[in-house]
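The values are calculated or read from the model by the stated rules, or taken from the named source; none is laboratory data. Everything numeric here is computed off the predicted structure, so don't read it as measured data. As a convention, Cβ positions derive from the backbone with ideal geometry for all residues, glycine included, and neighbour counts pool all protein chains shown.
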Amino acid sequence: MLAVVVGICLVSGIALIVVVCLQTSKAESFSAAMGGADTGQFRKGTREELLARLSKYLAITWIVASVVSAVLWYHGQ
């Protein structure tokens, strides 16, 4: 059981890192808005919303899996 929870923790942690790296930074959006670049940041993009929602769920999964694995490891000793 502990191995499964640790595996979920590892997979969700790595996926969270990848999803956060794929998101657009606030500095890029601000400089594009001030520079006049047409990046489409003023419309609601589905990619940004999807990545934000996905990062939220992955973070929750990672935190829950981390707590559960710590509790299982503590009671397993």
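For this structure, a couple of remarks:
- Look at the stretch 58-77: where a residue is under 15 Å from Met1 (Cβ atoms) and a partner is polar (S, T, N, Q), sitting 6+ places away or on another chain with Cβ atoms under 7 Å, you get Ala65/Ser12.
- Subset tally (residues that are modelled with pLDDT of 80 or more and basic (Lys, Arg)) for the stretch 1-60: 3
- First in the stretch 4-17 and under 15 Å from Leu58 (Cβ atoms), second anywhere and hydroxyl-bearing (Ser, Thr, Tyr), Cβ under 6 Å, 6 or more apart: Cys9/Ser66; Cys9/Ser69; Ser12/Thr61
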